[in-house]
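Step one of this worksheet: look at the structure below.
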Amino acid sequence: MIERAVFYARLETCKACEFWRGACLKGHVLQGTLGCPVKKFEGIQGVGYMDDLPVPTPELPAVGSQGCCGANPDGELVPLTWGEVWRHLMASMSQWQKEGFPVVNGAPYVERIHICRSCPKGQYQWFQCKHCRCIVYSKAKLATEDCPYGLWPKLP
Ligand code: SF4
Ligand code: SF4
């Protein structure tokens, strides 16, 4: 995580950027330590820049088989209540911490974002998954996360 002042300085830079649509289309997470993929701001404490990856194009992906929670990817999940969203968030953060905060970078991260942005279940809206209410650019960063419909898996 980064200092508040750094976050807002980054945000001002991003808002003037051609890759900004309320979030970075290249997948940069403003709260993360890595620098801008097109080098408009540096990383924190010399960690370097995020890989400059192509902006995902909206093509339909191949559909996976089985979701982590046992969901039938061909069936309809009932959207979560906000209480359930909060409990899922706490459980996700706990699991992420337990496994040592693993993150997803490079092509696998882009692939996850690509799938969400062209979500075959119609759950993607304004950078958010309507089912789990996660900001997909953040959710896809966590290796311990997976799509509730089984469209992309957890990663080692
Ligand atoms: S490319 Fe860099 S400046 Fe542009 S939106 Fe992404 S992180 Fe911000
Ligand atoms: S996480 Fe949500 S938005 Fe992303 S592919 Fe799965 S259902 Fe669609």
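No value in this document is a laboratory result; all are computed from the given coordinates. These numbers were taken from a predicted model, which means no experiment stands behind them. Here the Cβ is made from the backbone with ideal geometry for all residues, glycine too, and neighbour counts use every protein chain on show.
A few notes on this one:
- Taking 0.36 nm per residue of separation and subtracting the current Cα-Cα distance, fully stretching the chain between Trp82 and Thr33 would add 14.7 nm.
- Net charge in the neighbourhood of Val6 (other residues with Cβ under 13 Å of its Cβ; Lys, Arg +1, Asp, Glu -1) is -1.
- With N as its number of residues, the stretch 79-145 has a Cα radius of gyration that, divided by 2.2 N^0.38 Å, comes to 1.11.
- A simple spin-label model places the labels of Glu99 and Lys15 3.6 nm from each other, with each point 7 Å out along Cα-to-Cβ.
- The stretch 1-57: C-alpha pair distances exceeding 13 Å, %: 55 percent
- Cβ-based net charge around Cys129, under 12 Å, with every Lys or Arg adding one and every Asp or Glu removing one: +4
- Peptides 98-104, 25-31 ordered by packing proxy, namely the average of other Cβ atoms within 10 Å per residue, highest first: 25-31, 98-104.
- Residues in the stretch 10-28 reached by a label modelled at Gln45 [backbone nitrogen below 20 Å; 7 Å Cα→Cβ]: 10
- Formal net charge of residues neighbouring Pro153 (Cβ-Cβ distance under 14 Å; K, R +1; D, E -1): 0
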